[in-house]
Amino acid sequence: MNTSEIKYVLLLLCLSSFFCLSSCKSWIEEDPEGLVTDERVGDSEEAAAEWVTGTYSKLIYDMFCWGYFPRVLEFDADYISGPDWLFGTFGAGNFQGESDVTDALWKGCYGLIARANNAERHINAMSNISTEAKNNAIGEMKFLRAFAYFLMVRAYGPLPIQPEEATTEYDQPRQSVADVYAYIVKNLEEAAGLMYKNTDRAYQAGHASAGAAAGLLAKVYATQASAAMPASTEIIVRTGPAYDGTGDDRTYAPLRSITMQKTVVSGYEGMNATSLYQQAATWAKKVIDGEYGSYELLAYDQLWKKASCNASEFMFSLCTVSGDATYKVSVHSQYEGYMTEQGSDFIQEGGWVGCTRHWYDLFDSQDLRIVKGVKHRWRAKTQRESNSGFYYPQNNEYTIAATGYDLSGNHIGDPMGIYADGVSYYYSQDAQCLAFTTKYMDVTNNAINNADANFPFLRYADVLLVYAEAQNELGNSNEAIDYLNKVRTRSNATVASATGATAIDSKAKLRSAIIEERAKEFACEADRRWDLIRWGIYLQAMNAIGGSDDAGVLKTRQERNLLFPIPQPELNTNKAITENNPGWN
């Protein structure tokens, strides 16, 4: 959604009755009496646009603007970390009663679905509108509905499917995982055939497009396919305990390559992995070949620029308004921190969420995703008087550059390179010094709490890696390596090869390399937990850390953590749901 559309819908939202969902028996219910009618909005392309914009607004208001997102999708993963007070009980694996799980994901997604359903009914009834505009508007509603169900089915398993037609039957039972996915696929296939391509004259930047629907469909198929792969499928994960030793003598533990055996993913047992991967490859290739628009990888130096937020790599993103009271997010504050004033070197507050040392050590030293994609020095406002700051990581290269001493305490010389600025930098083995991303730094105003960071839900790089994953599982390793390398080459990473000293010469090795590439490429984009879940290695990967991570966040997990609990208010009101997910009763 572009800025002008957001500002327009702000005026609409000032009318308290417009787009209002009243209190219901359950969150999967919608109240027809509290919703806008054709007579109140009209029958025109402008009226259809109002319905569409109002539905998009749900992604931000009530879902993202309060900080629940991306927390609910991001904070429960092996390579993500931050201060204990921020990660809290949710970050430690206790999801029961958490507002993230209740308000942001369940309530927020069903609110989005209800709004999409109602909008589609009214748009479908319009007659004073071109066929193309009408189809596109309906397609966007189908896309948003499918997107919401995809977020939820990965988190909760079986779900109630809200009737698209107006109804007063609010006690809806949970449908099987297979049925929910069938409904998602149906909506995305229809959306891909209805929406504008990003190359069409009428397409509006910031909206979902036919290509976004096709790309998400490829990811949906790959999610099912990987979850349906046989138990004991091998996946190598580089991980392990955060530290060797204890107290002042502790040092970062080296990465360990651990071969994990996939476990059964509940709800996907009867699915055909080969058939699903064939579908994933087909839909990804449709996007790659330009059947649904034009997409390309951006040069790394342009990828995370504010000016690139509507570039074709960003197939579906959360577009926000800088400092706006309603269309605001905390992404910039949580990942980067906001400054004392624009142009300042000092962080006023925030910059808490980052990745662990094990994640950082996955990369080749020249990979731009750590050379430029990770902060190597930063300063908090409390360090102004002491003329100090933090540096990262603690290794000879950066320690010498920052302090003049190597890791053994030997004086090498005066600080050189990027740190030769007279500031005394130091390192701390806790939440103050993590691999903090630079993805969300470029905003309109970096000195406000609610800056306009561009948070991607789907990038073209994801489609390429889905295609690589599918081709590997279908036995086409050369094709898989080619597409893996398209992503690696963009970031100046060492290209993968089936020959040589570091040969990726088996399906298991290539599978593992692609999953690891996803962890590197989509770090801090709310993707890692769901990759671990769909591949059936979540418990093994989390527990391989051996307790707490770099910052002291507890990563020990048990079976109940595989699914989020159904919120208690839904259980209290929806009589068709009689029990919670395993371990949460």
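The values are calculated or read from the model by the stated rules, or taken from the named source; none is laboratory data. What you are looking at is a predicted structure, and each value in this text was computed from that prediction instead of being measured. Note that we place each Cβ from the backbone using ideal geometry, even for glycine, and neighbour counts take in every protein chain shown. Accessible surface areas use protein heavy atoms only, side chains included; no ligands, DNA or RNA. Shrake-Rupley method; radii C 1.70, N 1.55, O 1.52, S 1.80 Å.
The one condition from (1) more than 30 Å from Arg490 (Cβ to Cβ); (2) not in a loop (DSSP other than H, G, I, E, B) that Ala447 does not meet is (2).
Taking Ile80 as the residue in question, decide whether it is of a type outside the set (S, T, N, Q), over 23 Å from Thr167 (Cβ atoms) and either touching a residue at least 40 places away in the same chain (Cβ under 8 Å) or out of contact with any helix residue (DSSP H, G or I) (no Cβ under 9 Å at 6 or more places or on another chain) (or both). Lay out the reasoning, then the answer.
On the way: of a type outside the set (S, T, N, Q): yes; over 23 Å from Thr167 (Cβ atoms): yes; either touching a residue at least 40 places away in the same chain (Cβ under 8 Å) or out of contact with any helix residue (DSSP H, G or I) (no Cβ under 9 Å at 6 or more places or on another chain) (or both): yes.
In short, yes.
Can you spot a residue in segment 457-474 that is over 21 Å from Asp527 (Cβ atoms), modelled with pLDDT of 95 or more and not aliphatic (A, V, I, L, M)?
Step one: list which residues in segment 457-474 are over 21 Å from Asp527 (Cβ atoms), which gives 474.
Still in the running and modelled with pLDDT of 95 or more: 474.
This time we only want the ones that are not aliphatic (A, V, I, L, M), so: none.
Checking segment 457-474: not a single residue is over 21 Å from Asp527 (Cβ atoms), modelled with pLDDT of 95 or more and not aliphatic (A, V, I, L, M).
Against the test of being of a type in the set (D, E, K, R), within 26 Å of Pro70 (Cβ to Cβ), modelled with pLDDT of 95 or more and open to solvent by 10 Å² or more (accessible area, probe 1.4 Å), the options Arg518, Arg490, Arg511, Arg529 yield a single qualifying residue, Arg490.
Ala480: within 19 Å of Ile235 (Cα to Cα), without any contact (Cβ under 8 Å) to a residue 40 or more places away in the chain and not in a helix (DSSP H, G or I), yes or no?
Considered against the rule, which asks whether it is within 19 Å of Ile235 (Cα to Cα), without any contact (Cβ under 8 Å) to a residue 40 or more places away in the chain and not in a helix (DSSP H, G or I), Ala480 comes out as no.
Small (Gly, Ala, Ser), crowded, with 18+ Cβ neighbours inside 10 Å and either touching a Pro at 6+ places or on another chain (Cβ under 6 Å) or under 21 Å from Glu516 (Cα atoms) (or both): is that true of Ala231 in this structure? Break it down stepwise before answering.
Numbers: small (Gly, Ala, Ser): yes; crowded, with 18+ Cβ neighbours inside 10 Å: no; either touching a Pro at 6+ places or on another chain (Cβ under 6 Å) or under 21 Å from Glu516 (Cα atoms) (or both): yes.
Taking the combined requirement at face value, the residue does not satisfy it.
Looking at Arg357, Arg377 in this structure, which one is modelled with pLDDT of 95 or more and not hydroxyl-bearing (Ser, Thr, Tyr)? Testing whether each residue is modelled with pLDDT of 95 or more and not hydroxyl-bearing (Ser, Thr, Tyr) leaves just Arg357.
Note on segment 234-265: among residues that are farther than 28 Å from Ser506 by Cβ and either of a type in the set (A, V, I, L, M, F, W, C) or part of a loop (DSSP other than H, G, I, E, B) (or both), the one that is least open to solvent (accessible area, probe 1.4 Å) is Ala242. Just checking, does segment 542-551 include any residue being free of Cβ contacts under 8 Å to residues at least 40 places away in the same chain, closer than 30 Å to Leu159 by Cβ and open to solvent by 50 Å² or more (accessible area, probe 1.4 Å)? Yes: segment 542-551 contains one or more residues that are free of Cβ contacts under 8 Å to residues at least 40 places away in the same chain, closer than 30 Å to Leu159 by Cβ and open to solvent by 50 Å² or more (accessible area, probe 1.4 Å).
In segment 167-182 there is at least one residue matching the filter, namely being closer than 20 Å to Gln568 by Cα, touching an Asp or Glu at 6+ places or on another chain (Cβ under 7 Å) and surrounded by 19 or more Cβ atoms within 10 Å (Cβ to Cβ).
Find the helices (runs of 4 or more DSSP H) located wholly in segment 34-119 whose residues include 1 or more that are under 19 Å from the mean Cα position of the chain (by Cα), at pLDDT 90 or above and not polar (S, T, N, Q), and list them. Lay out the reasoning, then the answer.
On the way: elements: 38-41, 45-60, 68-74, 84-91.
Ranges flagged: 45-60, 68-74, 84-91.
Taking segment 143-182 as the range and being farther than 22 Å from Arg528 by Cβ, free of Cβ contacts under 8 Å to residues at least 60 places away in the same chain and part of a helix (DSSP H, G or I) as the test, the residues that pass are Arg145, Asp179, Val180, Ala182. The residue of segment 183-195 that is farthest from Ala146 (Cα to Cα), among those that are touching a helix residue (DSSP H, G or I) at 6+ places or on another chain (Cβ under 6 Å) and assigned to a helix (DSSP H, G or I), is Leu194.
For beta carbons closer than 6 Å, sequence separation of 6+ or different chains, a first residue in segment 316-331 that is over 18 Å from Leu151 (Cα atoms) and a second that is assigned to a loop (DSSP other than H, G, I, E, B) and open to solvent by 20 Å² or more (accessible area, probe 1.4 Å), the qualifying pairs are Ser322/Thr444; Ser322/Asn445; Gly323/Ile448; Gly323/Asn450; Thr326/Tyr61; Lys328/Asn450. Within the set Gly88, Gly54, Gly97, Gly67, the sole residue that is open to solvent by 30 Å² or more (accessible area, probe 1.4 Å) and more than 19 Å from Leu539 (Cα to Cα) turns out to be Gly97. Within segment 436-478, being over 25 Å from Tyr56 (Cβ atoms) and in contact with a strand residue (DSSP E or B) (Cβ under 8 Å, 6 or more places away or on another chain) holds for Phe436, Thr437, Thr438, Asn446, Ala447.
Please return the ranges of strands (runs of 3 or more DSSP E) entirely within segment 322-432 where 2 or more residues are closer than 26 Å to Ile448 by Cβ and open to solvent by 40 Å² or more (accessible area, probe 1.4 Å). Reasoning before the result, please.
On the way: elements: 346-349, 377-380, 388-391, 424-426.
So the answer is 346-349.
Of the residues making up segment 433-451, those that are polar (S, T, N, Q) and open to solvent by less than 20 Å² (accessible area, probe 1.4 Å) number 1.
Could you check segment 450-477 and list, in sequence order, the residues that are under 13 Å from Ile514 (Cα atoms) and not hydrophobic (A, V, I, L, M, F, W, C)? Show your work before the answer.
Of all residues in segment 450-477, those under 13 Å from Ile514 (Cα atoms) come to 461-473, 477.
Within segment 450-477, Asp462, Tyr467, Glu469, Gln471, Asn472, Glu473, Ser477 qualify.
Considering segment 462-477, and only residues there that are small (Gly, Ala, Ser) and assigned to a helix (DSSP H, G or I), the residue that is farthest from the chain's Cα centre (by Cα) turns out to be Ser477.
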